[in-house]
Every structure is written in C-alpha cells, then in structure tokens.
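Since the structure comes first, as structure tokens, the remarks are kept for the end.
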Amino acid sequence: MAAVNAFDRALVSGLLRPQPAQAADLSEFARAVAGTPLASRVAEAAEKAAAGAAVEDHFVLLAAARTALLGSIHDAVVGRLDEFTGRTRGTDTPPTTADDRSANLLAAARAWLCDLARAGWQGIDHDVVSGAAQIVSAMLPDPALRRLSTLLDGFSNELAASCPGAALERVPARRWGDLWARAVILTLPGALGAGAHTTATGRLLPLAVDLQEHATAAQAQVHAVFEPADGSAPRLVRASVSVPKPDTAVGAGVWQLLRPHMSLLSAVAEGRSMHLLGMPLTDGGDLLWSDELARPGEPADAFATARVALPAATDAATAPLDRHPARIAVPVFLEGYAVEVAEGHTDGAAPGEETLRFTVTGRPLLVDTDRIPTAGPLTPKTVAASGACIGLLRWDAGTYCLQPLAVETTVRKKPVAVHAAAWAGGTTDKAGVKAEKAATDAVAVLRERAGRLLRK
C-alpha cells in the first residue's frame, strides 16, 4: 500500500513537469514490482515519467503495475477470508477475447487519460475534463463499451465537479488513482472482451441483496447459492441488475426502477427459490440474468440457506482485472456474536456518532452500518439487537469490516428476520408504503415533464 500511495502522490501534481519528490515516489513505486515480469519495463516507465517524458505506453505500464500491486493485496486478503469461512474457491480465471471494432474510441479514451496524468489532480480544469464528453457519447450506444463508458462518464463528472483542481483543499488521491488505472486498463485490447461462461440449470437459493446507489444510477446485486441439477457441488453466485435513475428517486423508490428488470427481486422479497433453465453463468460467478430462463420455486428461507447450504458452497474465482481490495465482498453467516456499541472518535467515526462491532471468535469486527440502504427496514439499531447476521465481509484500507444484509432479531420473544431488501418486491409495511408513494409521485412528475419536452 505504501508503494501505491507513492504513485498516487505523484499523480496529484501531475507528470508534465515532475518535481524531485515525485521522482522519488515513482522510484519507490517501481521498486515494488522488482523481481516480477513487469520489473524492467515499469522501471523504464517510471524513469521516463520522472523526467516528464512519459508517453502513452509508459502510462499504461504504470497503470498495469498499480493494478498488479492491488491485485496481490486482494489475493492475500481473500486467502485470509477463505481460511475464516472454511470454504473452497475456484481457481480458473476467465479468458477474454479481443475486439478491434472500437479501437479508435479506446485509443481516444486512453489519450484523454494520459492527458489527465500529465495535468495531475491539482491541474485539472474544465478544458481538460471536457475532453471525455465526446468519447463517452460515442461509446454509450455500444453495449460492448458500456462498462468503460459508464466509468469514464462518472469519473469525468466527478472531476468536473471538483474543478479547478488547484482550489481543492483535499484531493481523493486513492479513489481517483483507482478510477484512472482501472479506466486505462479497460482501454486495452481484450480487456472488455466477454469472459468464458457456461449455462446453469438447477435451483437458486437467494441469501440477500446488496443495493448500491449513486446519484444517477442504481444496482441490486443478489448473492445466492446455486445447486446444479446434475448434483455437482453447490456454488456461490451473483445476479445483478443496473438502471439509470434521476436523483429524485431515493429510498424505496429505487426498487420501482429495478423491479421490472429482474423477477429475482420479487422472489427474494417473498422468500422463494428460483429454478434456472440454462441461465448463462460466467466463470467469475455472475449469472447473466434473463427472466425467460427462470421460474419461481418453492419457499426458501434465507437463514436456513445460510446455515445449511452456504458452508458447503464453493466461492467463484475472481477475474484478473477484478482483483482489487475494494471489490472484496465475501458472503458470510455469523451468529452467537457479542455486540458492542461505542461513541465517536473510533474507526473514523465523527464525534457523537456511534460505531458498532461484533466480537467473532474472540476478535472485534467493525460493522459498516453506513452501507445499510434507506430503501428497506434494516437499521443500525436492528443490527445492534440481532443474534444472527447474513452479510458481506469487506476490507477497507487495512481494516476488515462487515456489511450487514439481513439479521435475525427477537420481537416479543419470537425470532424475526429483517432484510435490507425486504421491500424489493413491494411491501405492506407502513414506512415502505409511504416511501413507495412518494417515489411514485416523483416518477410520475418526471415522466410528465419528459413527455412535455418530447412533444415540444
């Protein structure tokens, strides 16, 4: 991480006219990959960058080295988490296939990213950042470029909102370094190619849903155990749906946007399994969801699945380009833990803000309550009163933490399950109904305005 930080510091001021401190940081960064197949080429790239003479190939090599370093951290952390869960993990890595149809667009994106590295985060202005607009517009219509175009769109918008860079009091160097390196790698031939996949036929037992929300987009990722019909070993899989959204669609209203695109969300809310009939499944464990290839199954309690099926499931291998600590999200089931609530000044909490920890096998585990979505009934208070939890183990800059997705708690001496995605398929809960109505009104207004604009 010290080597990654050194490279990120060098990007803050930019590599057009590097200073001695930046040259030292680049040298430290290059030493971190000494002894690897990247060693000599990265050393040369770092030397050229330190002299202000870096060209496109040099920036690509620096991005590759940064990606490799974080990939090694990912592998080390995941290895420890596998020891904790006791589950096995697949070893195959999905190959990619090159596609030269968009070579010019990828080259244009790469050139813009190189210009960013030369300007540095403190040197960005609207002229530099606006160079991404035409590239993104040209990429968006092509589904094969959607991943990169979305990344570039979000990244450039974030940079535009921070212009001029010289006026920034604090530069998010790690975050922007991550986005920059990821984007550079995705412009290379084959990086956006389709990975190998098979077809999945069998029973899908949902565990929980991770809802990720941004001002202009939302994604629901369902974590589940898949039991193949041929009797082979069960495996952990994911099924995701993503949609663009207006910034006025918040809370439970997000489900209205996601729900029509994936019947699995209703099955999760109803506590049902799904039967898959030839659903495409990547080697990385992602189901390429199609409602036409799934039908509702029998009732399936998520906590029964977590207790019985999860321990025997095999974790999917991680695709090479996805090996990054920020992407670690290992499904786990915990129970019998002690709960500790502390106030402020711990684990980065603000004064007066409460932090929550579970003591698991004698060790404290930070609970990341900030990741609990507002689009469901799960709250930090409910988590603190729980006795069992389905969640995702993550690693955040040196700290292991747990993102709770569902908990079992006791209400009137009876066990009750509370899911973060309980409202995914609709709800009769008073708070949920109120939130849905507000979202419905907001969406109706937006549709009416959009219709008026189209008529004009």
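Okay, here's what the table says:
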| read-out | value |
| --- | --- |
| At R0 = 56 Å, FRET efficiency that the Cβ-Cβ distance of Thr36 and Asp125 yields, to 0.05 | 0.95 |
| Proximal aspartates and glutamates to Lys48, defined as alpha-carbon separation beneath 20 angstrom and excluding residues fewer than eight positions away on the same chain | Asp8, Asp25, Glu28, Glu56, Asp57, Asp115 |
| Net lengthening on full extension, Ala51/Ser266 (0.36 nm per residue, minus Cα-Cα) | 71.6 nm |
| Label-point gap, in nm, between Arg170 and Lys430 - each point 7 angstrom along Cα→Cβ | 3.9 |
| Label-point separation, Ala111 to Glu158 (7 Å along Cα→Cβ), nm | 2.5 |
| Global geometry of the range 175-278, whether rounded, prolate or oblate, following the gyration tensor of its Cα atoms and the 1.5 cut on a/c | oblate |
| Cβ-defined net charge surrounding Gly271, 12 Å radius [Lys, Arg +1; Asp, Glu -1] | -2 |
| Residues of type lysines that Lys381 reaches as a straight line, Cα spacing below 27 Å, ignoring anything fewer than 8 places off in the same chain | Lys413, Lys414, Lys430, Lys434, Lys437 |
| log₁₀ of I(q)/I(0) at q = 0.09 Å⁻¹ - the chain, Debye sum with one point per alpha carbon | -0.67 |
| Asp301-Thr359 FRET efficiency (beta carbon distance; Förster radius 41 Å; 0.05 resolution) | 0.95 |
| Where labels lie 7 Å past Cα in the beta-carbon direction, separation of Leu188 and Arg449 in nm | 4.3 |
| Degrees separating the helix 430-455 axis from the principal Cα axis of the chain, which is the longest one | 50 |
| Partner aspartates and glutamates for Lys245 [C-alpha distance under 12 Å; skip if fewer than 8 residues away on the same chain] | Glu213 |
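Every number here is computed from the coordinates shown, using simple stated rules; none is lab data. On a predicted model such as this, the values are computed, not experimentally measured, just so you know. Ideal geometry is used to build each Cβ from the backbone, glycine not excepted, and the neighbour counts take in all protein chains shown.
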